[in-house]
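*Asks:* Supplied in structure tokens, the structure appears directly below.
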Amino acid sequence: TLITPWLFFRYMVIGGYVGAATVGASSYWFLIDPTGPQMSFWQLTNHMQCYGSPEHFKGISCEIFQAPEAMTMALSVLVTIEMANALNSVSENQSLLVMHPWVNIYLLMAMALSFSLHFMILYVDVFNVVFNISALSFDQWMVVLKFSLPVLLVDEALKFVARNYTDGKDGAAKNLLVNWREGFALLVATIGYGYCWYLSEKPILDEYYSRQQS
């Protein structure tokens with residue numbers, strides 16, 4: 001068949017992460033970003049009540065929910081994740097460490113063109129107005145990358161399962177030690193990435209939680 005149950009599951013997992021990261025980046029700007037309103041989670045999830053119950057949104061303009069910055073964060077994460085997914089698609093089951101992205105130079109050129117067009121609409125004023133977005137700072141781009149790059153780890157984990165336990169069942173039994181090491185390396189990489197993300201965001205998160213408790 002064209003799409004096996006396992007391949008469909010992979011698409012669902014990646015699609016779920018894409019949606020979560022896109023919404024997460026937008027929410028990050030509203031909740032945590034120093035340049036954003038830094039509102040509470042309740043205010044964000046109940047933003048439709050802003051005009052009807054302004055007493056719950058003191059110090060916050062209801063117009064902020066249409067801010068281009070949040071939409072720009074979401075759009076940039078979506079673009080970056082799709083470019084990372086393009087790298088994931090170099091091989092259906094082989095790791096990027098084995099099948100390197102530069103084997104397809106045309107793919108890299110297409111990615112460079114896509115990013116160039118994205119930068120153009122971000123940093124050329126006339127396009128800001130047309131697309132209702134705003135330029136991102138360096139720190140905001142770091143946040144975009146933090147939300148986007150884990151899709152590489154997610155797909156590497158799915159490829160690992162497909163390679164060793166779905167498409168290569170015979171090989172998995174013979175190379176259990178190698179498979180175990182590869183899986184452990186993926187786990188360490190994921191934990192390390194999460195820990196580095198936590199350390200980079202800890203000062204901002206501490207300030208956010210202290211503000212919520214006050």
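The values are calculated or read from the model by the stated rules, or taken from the named source; none is laboratory data. Bear in mind the structure is a predicted one, so any value in this text is a computation, not a measurement. Every residue, glycine among them, receives a Cβ derived from its backbone with ideal geometry; neighbour counts consider all protein chains shown. The protein model used for the area step is the full one, side chains on, heavy atoms only, and it has no ligands, DNA or RNA in it. Shrake-Rupley method; radii C 1.70, N 1.55, O 1.52, S 1.80 Å.
*Asks:* Only residues that are hydroxyl-bearing (S, T, Y), open to solvent by 50 Å² or more (accessible area, probe 1.4 Å) and at pLDDT 70 or above: list them for region 158-214, please.
*Replies:* Listed by number, the residues that qualify are Y165, T190, Y193, Y195, Y198, S200, Y209, S210.
*Asks:* From the list V79, V124, exactly one residue is aliphatic (A, V, I, L, M) and either under 23 Å from the mean Cα position of the chain (by Cα) or open to solvent by 90 Å² or more (accessible area, probe 1.4 Å) (or both). Which is it?
*Replies:* Selected residue: V79, the only one of V79, V124 that is aliphatic (A, V, I, L, M) and either under 23 Å from the mean Cα position of the chain (by Cα) or open to solvent by 90 Å² or more (accessible area, probe 1.4 Å) (or both).
*Asks:* May I ask you to say which residue of A74, A25, A84, A70 is in contact (Cβ under 8 Å) with a residue 60 or more places away in the chain, in a helix (DSSP H, G or I), closer than 23 Å to I204 by Cα and open to solvent by less than 60 Å² (accessible area, probe 1.4 Å)?
*Replies:* A25
*Asks:* Go through (1) part of a helix (DSSP H, G or I); (2) in contact (Cβ under 8 Å) with a residue 40 or more places away in the chain one by one and return the number of the condition D33 breaks.
*Replies:* (1)
*Asks:* How many residues does region 44-60 contain that are more than 22 Å from D33 (Cα to Cα), surrounded by 12 or more Cβ atoms within 10 Å (Cβ to Cβ) and either small (G, A, S) or in contact (Cβ under 8 Å) with a residue 12 or more places away in the chain (or both)?
*Replies:* 0
*Asks:* Please determine whether any residue of region 70-90 is farther than 20 Å from V18 by Cα and not basic (K, R).
*Replies:* no
*Asks:* How many residues are assigned to a loop (DSSP other than H, G, I, E, B) and more than 22 Å from N132 (Cα to Cα) if we restrict to region 51-67?
*Replies:* Residues in region 51-67 being assigned to a loop (DSSP other than H, G, I, E, B) and more than 22 Å from N132 (Cα to Cα): 5 in total.
*Asks:* Quick check on region 127-149: of everything there that is open to solvent by 90 Å² or more (accessible area, probe 1.4 Å) and not aromatic (F, W, Y), which residue is nearest to T35 (Cα to Cα)?
*Replies:* D139
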